[in-house]
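S.K.: Quick one: this structure, given as structure tokens, is what I'll be asking you about.
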Amino acid sequence: FFLPTCPCLHSAMARSLRKRRNAKVVSVKPKEKKIQKKHFNVRQIQDPELRKRFDIKKTLQENLEATDLKEMYYDRLPKKIPKKGAHPVKVNEDEAPICKKLIAKHGDDYQKMHWDIKLNVQQWTAKQCEKKAGYDEPTALARKRVLTCGSAVLAFVQ
């Protein structure tokens, strides 16, 4: 039966103390602070109006605070805000026959469409049924043409 001379040499704490004592010392140098880029290259600005107003002596933040974007782009803003969203819900080729059957059977009663489990195999909610049933291909194409015209939108809205 063997008793160690010093009981602390076989404990976990002594092992960690030995490791710390024998560890290699690594000096950690403090990193240099990143120098903030104060100035901005004016050639990177693609908009000619903003490029004219840009002051080289000011920082980017100061320049943006000094410019009045509403005054700069007032002629490009629409006169009226459109009530409907520009991106209606689209019905793909798998959903189209389901929508046609639901509309043929229930008309505008979206709650009944929601509860019809035989036709509504996707288990759409009443709101989803309303959005998908309200989608009309010809009006969607016309809306797309109007949005792509650009300046003709204002003439169409008024």
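The values are calculated or read from the model by the stated rules, or taken from the named source; none is laboratory data. Note that the coordinates shown come from a computational prediction; the quantities given were computed from them, not determined experimentally. Methodologically, a virtual Cβ is constructed for each residue, glycine included, from the backbone with ideal geometry; neighbour enumeration extends over all protein chains shown.
S.K.: Only residues that are modelled with pLDDT under 85 and in a helix (DSSP H, G or I): list them for region 34-60, please.
M.R.: Within region 34-60, Val42, Leu60 meet the criteria.
S.K.: Could you tell me whether Ser27 is assigned to a helix (DSSP H, G or I) and hydroxyl-bearing (Ser, Thr, Tyr)?
M.R.: No: the conditions fail for Ser27.
S.K.: Can I ask one more? From (1) assigned to a loop (DSSP other than H, G, I, E, B); (2) in contact with an Asp or Glu (Cβ under 8 Å, 6 or more places away or on another chain), pick out the condition that doesn't hold for Asn63.
M.R.: (1)
S.K.: Related question: Please verify whether Val91 is at pLDDT 85 or above, surrounded by 10 or more Cβ atoms within 10 Å (Cβ to Cβ) and part of a loop (DSSP other than H, G, I, E, B), treating the condition exactly as stated.
M.R.: Taking the combined requirement at face value, the residue satisfies it.
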